Amino acid sequence: MAAPERNRFNLLWLQSGGCGGCSLSLLCAEAPDLVATLSGAGIDLIWHPMLSEASGSEMREILAKVMRREIRLDALCIEGAVKRGPKGSGRFHMLSGTGRPMMHWVRELAQLARYTLAIGTGASFGGITAGGDNPTDACGLQYSETNRGGLLGSAYLSGAGLPVINVAGCPTHPNWVLDTLMHLALGGFGRDDLDDWQRPRSYCDHLVHHGCPRNEFYEFKASAQELSQGGCMMEHLGCLGTQAHADCNIRPWNGGGSCLKGGYACVNCTQPGFQEPGHRFLETPKIAGIPIGLPTDMPKAWFVALASLSKAATPKRLRSNAHADHIAVPPSCGKREPHE
Amino acid sequence: MSRRILGPFNRVEGDLEVKLEIRDDRVSEAWVTSPMYRGFEQMLHGRDPRDALVYTPRVCGICSVSQSVAAANALGAIQGVVRPPNGELAINLIHGCENLADHFTHFYLFFMPDFAREAYRQRSWYDEVAARFKAVRGSAASQTMSARAGFMHIMGLLAGKWPHSLAIQPGGSTRGVEIHEKMRLLAILAGFRNFLEQQLFGDSLERMLELESGRQLQAWFAEQAPGQSDFRRFLQLALDLKLEELGRTDLRLMSYGVYPGSGGELFRRGTWCAGNGAPLRPEDISEDISHSWMEGQAEPQHPYKGVTLPDADPASGYTWCKAPRLAGEAVEVGAVARQTVDGQPLIRELVAATGSNVRNRVIARLIEIPRILLAMEAWCRELRPKEPFCITQELPDQAQGAGMTEAARGSLGHWVRVKNGRIINYQIVAPTTWNFSPRDWTEQPGPLEQALIGTPAGADESEPVAVQHVVRSFDPCMVCTVH
């Protein structure tokens with residue numbers, strides 16, 4: 001059953017300069033599915049580019065009603081970075097049928113929204129769209145990478161008095177988006193629910209390292225040398241899971257996955273500037289054989305000392321499995337009874 | 001004569017605007033605009049070639065794996081690497097999963113909801129179609145999202161996540177599969193097969209592939225009431241609304257071929273025009289910018305030599321999209337092209353009779369679904385746990401390579417040139433770049449611009465529903481188109 005009328009929560013979703021991947025990821029919501037989750041929470045889609053019937057003039061009429069405040073805008077979700085170029089004109093992305101740059105629509109709608117959400121790392125910080133020399137002058141809603149400001153300015157607060165909620169991730173997990181929207185609709189979401197990058201703490205108080213199935217390899221510094229091998233990917237393969245804020249290995253993707261479980265390194269996609277790590281992805285930069293960028297909270301000397309100790313103590317099982325793409329040596333079962 | 005601008009055009013992936021000239025209630029001319037530019041080809045310049053595997057999937061949230069496959073194939077061509085059989089099979093499974101899920105999403109969430117519009121309220125079938133396919137509220141929306149999410153567990157298992165995986169590498173797949181995981185994959189496929197047989201087709205997948213002519217398809221349709229399955233319902237609508245007369249083109253059809261295996265590709269590479277097949281000559285591909293908001297290229301160029309320099313000002317430009325051509329011809333790509341080129345009997349016969357059109361594009365997509373699912377079951381059974389999935393090989397400092405594959409919506413190519421270990425040129429030509437391309441230097445319109453001519457667009461319709469059908473029948477992906 002849908003929630004009663006007084007609790008309805010209106011959601012408008014627009015796609016700015018991204019890839020649409022956060023919407024496609026959202027479609028992977030399950031148990032229950034996206035439609036059931038939204039309706040159960042009393043969230044009404046005013047419009048979504050991938051799902052709604054309204055097209056062209058019908059959609060422009062919806063926008064006009066929102067602008068005239070005839071439709072209350074509870075949550076404005078913007079997916080994808082905002083393009084300010086060329087030369088500040090915003091013409092790299094016109095909202096089709098309106099003759100106006102998306103940049104202007106986002107600015108105006110954000111003034112009407114009770115809550116403004118940046119969906120994905122692009123809308124949050126610029127992300128991939130701002131990669132290289134940032135040819136389209138792309139930025140996030142309230143950040144240009146690590147600099148506060150972005151499209152809306154550092155002073156921006158939505159109607160409910162909150163800054164932009166940065167649901168960062170490239171793409172976002174469906175539940176990062178849905179849990180946040182449900183919390184907003186239910187009430188009681190406050191500044192304390194956001195971390196220093198204005199990301200929901202519900203998933204950013206964790207590190208990708210938490211629950212990583214390769215943790216035993218990490219403990220013994222039994223490292224994979226090449227992709228598809230089972231060992232820890234921090235030492236050689238560029239894994240940033242010990243620094244990345246997200247619960248990917250606690251809350252699985254697509255039923256049971258994560259980047260680590262998929263056999264490749266975490267690239268820290270919830271972090272501003274992840275797209276320009278300053279070195280090749282999937283390769284750990286080192287100084288004198290020691291990886292730079294060690295776990296965030298650990299004193300370096302201790303880490304190095306513990307690493308050399310644990311390396312010396314690595315069991316043969318882990319040493320073998322670290323370099324295989326399957327379990328080459330199973331854990332011992334202890335003393336076996338002889339077969340009949 | 002009147003002119004109309006349609007947009008934002010939703011239930012397509014990304015941003016699209018269509019300008020129409022209308023005479024006597026029919027479209028007399030059309031211009032297709034891709035209103036967003038991001039600049040991936042500029043961003044990739046100067047990078048380590050392997051970083052393309054992080055960047056290019058993010059061109060597109062719906063063709064993400066296809067972009068990864070094209071990039072990995074291009075790098076693989078540069079390395080001259082041969083994937084171990086497990087790696088090839090795993091990549092085929094990941095790629096098949098995305099392409100099949102995209103067809104499924106297109107049919108249920110993007111295309112069919114237009115038949116539940118008010119414009120059709122007087123039709124005898126309206127109430128049932130609206131109950132099933134109304135956007136967001138119809139019974140199909142929730143049901144198909146669940147089925148799709150369950151099917152995508154294949155991605156969780158083989159690709160880590162979807163979209164934007166790094167599991168697809170030049171030398172294979174990063175995810176080894178153990179024997180119990182092979183069983184899990186087979187179980188997921190069986191679950192999705194169930195949905196397809198019970199809801200989409202109302203018949204076994206094998207039976208669907210036995211239909212080899214329009215006549216057999218018609219006889220199959222008549223066996224049961226239209227409401228017995230969603231495909232039958234579509235055939236009923238197609239008959240009633242004469243969808244084979246909408247959005248017709250008789251252009252050359254093209255496929256790059258996809259899903260490699262020991263006996264060649266599952267869907268073969270080539271072209272097809274007026275009943276004749278011809279081999280594909282990749283060297284005949286060029287991109288023209290005479291009607292694009294681009295500069296820096298006086299004449300059409302092969303992608304190895306193409307440049308991407310945006311310029312919002314050229315007077316003759318009306319889109320960020322370039323105009324790819326094959327030996328100067330505008331060609332159509334997608335499932336209808338892929339199945340015609342491959343020789344799928346039903347699709348070849350339908351295309352021979354009525355060309356490519358709204359009905360045939362949709363049937364081709366739906367007929368491809370059982371073909372892919374059956375292949376996925378076979379690939380899965382061939383996986384050999386404990387044998388290698390991936391090999392790593394060095395990249396030469398100087399080389400060039402192409403990665404050509406098929407996304408759900410058609411032919412996708414990456415052309416990469418490497419110098420001093422860095423990318424000096426990266427060009428992407430995506431499926432909808434072909435289908436929704438603008439006019440070229442000879443003023444030849446792109447495929448959609450041609451397909452729209454003659455489409456009914458009455459003055460009483462604010463959003464002409466026939467135009468909606470034609471545009472969505474291509475399953476456009478606009479974020480890929482310009483990138």
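The values are calculated or read from the model by the stated rules, or taken from the named source; none is laboratory data. In this text the structure is predicted, and so the values were computed from the model without any measurement. Cβ placement follows ideal geometry from the backbone for every residue including glycine, while neighbour counts extend to all protein chains displayed. The area values use the complete protein model at the heavy-atom level, side chains included, leaving out ligands, DNA and RNA. Shrake-Rupley method; radii C 1.70, N 1.55, O 1.52, S 1.80 Å.
Brief remarks on what is shown
- Compared with the alpha-carbon gap, the fully stretched path from B:D313 to B:Q228 is longer by 25.2 nm at 0.36 nm per residue.
- Taking all protein chains as they are arranged and a probe of 1.4 Å, the heavy atoms of B:R23 leave approximately 120 Å² accessible to solvent.
- Prolate/oblate/rounded label for the stretch B:223-321 (Cα gyration tensor, a/c 1.5): oblate
- Average Cα contact separation per residue, chain B, under 8 Å, 6 or more apart, as relative contact order %: 25 percent
- Relative to the longest principal axis of the Cα atoms of chain A, helix A:300-312 runs at roughly 50 degrees.
- Per residue of peptide B:39-52, the mean number of Cβ atoms on other chains within 10 Å of the residue Cβ is 5.
- Kirkwood Rh and Cα Rg combined as Rg/Rh, chain A: 1.05
- Candidate cross-link partners of B:K161 among the lysines, defined by an alpha-carbon separation under 24 Å and a same-chain spacing of 8 or more, comprise A:K261, B:K182, B:K386.
- Helix axis angle, A:102-112 relative to chain A longest principal axis, alpha carbon, degrees: 80 degrees
- The slack between B:I179 and B:Q400, meaning 0.36 nm per residue of separation minus the straight C-alpha distance, is 75.7 nm.
- Peptide B:390-396, shielding by other chains (average Cβ, 10 Å cutoff): 2
- C-alpha long axis of helix A:174-186 to longest principal axis of chain A, angle in °: 50 degrees
- FRET efficiency for B:R123 and B:L374, using Cβ-Cβ distance with R0 set to 35 Å, rounded to 0.05: 0.50
- Annotation: A:H245 carries an accessible surface of approximately 60 Å², with a 1.4 Å probe and no ligand, DNA or RNA atoms counted.
- Accessible area per residue was computed with a 1.4 Å probe on protein heavy atoms; B:K134 scores about 30 Å².
- A Förster radius of 25 Å combined with the Cβ-Cβ distance from A:D297 to A:L157 puts the calculated FRET efficiency at roughly 0.20.
- Extension gain, A:A313 to A:I290, is 6.4 nm, computed as 0.36 nm per intervening residue step minus the present C-alpha separation.
- Set of lysines with alpha-carbon distance to A:K286 below 22 Å, sequence-local pairs under 8 removed: A:K221, A:K300, A:K311
- Computed on protein heavy atoms with a 1.4 Å probe, the accessible areas place B:E382, B:E244, A:E226 in the order B:E382, A:E226, B:E244, largest first.
- A crude spin-label estimate for the pair B:V82 and B:Q143, with each label 7 Å from Cα along the Cβ direction, gives 4.8 nm.
- Over chain A, relative contact order from alpha-carbon pairs under 8 Å, at least 6 apart, %: 14 percent
- DSSP beta bridge pairing in the stretch A:1-146, given as percent antiparallel to the nearest 5: 25 percent
- The lysines whose alpha-carbon is closer than 29 Å to the alpha-carbon of B:K242, local same-chain residues fewer than 8 away aside, are B:K19, B:K134.
- Helix runs (DSSP H) in chain B reaching 20 Å along axis by Cα, Kyte-Doolittle at least 0.0: B:64-79, B:179-195, B:358-382
- Rolling a 1.4 Å probe over the protein heavy atoms gives the protein assembly as shown an accessible area of 35 Å² per residue.
- Shape category assigned to the protein assembly as shown from the gyration tensor of Cα positions, a/c cut at 1.5: rounded
- Residue-count net charge about B:S165 - beta-carbon cut-off 14 Å; Lys, Arg +1, Asp, Glu -1: +3
- Per-residue HN-Hα couplings for the stretch A:9-21 [Karplus 6.51, -1.76, 1.60; θ = phi - 60°; Hz; x = Gly/Pro]: 9, 8, 10, 10, 10, 10, 9, 9, x, x, 10, x, x
- Summed buried accessible area for A+B [probe radius 1.4 Å, Å², rounded to 100]: 6100 Å²
- Taken residue by residue and averaged, Cβ atoms of other chains lying within 10 Å of the Cβ of A:313-326 number 2.
- Within the accessible area of the stretch B:251-380 (1.4 Å probe), percent carbon and sulfur: 51 percent
- Cβ-defined net charge surrounding A:C204, 11 Å radius [Lys, Arg +1; Asp, Glu -1]: -3
- Estimated D of the stretch B:274-327 in µm² per second, where Rh is the Kirkwood radius over Cα pairs and Stokes-Einstein applies at 4 °C, 1.567 mPa s: 107 µm²/s
- Over the stretch B:2-481, the pair-distance histogram of Cα-Cα distances with 20 Å bins from zero comes to 25, 58, 17, 0 percent, rounded to whole numbers.
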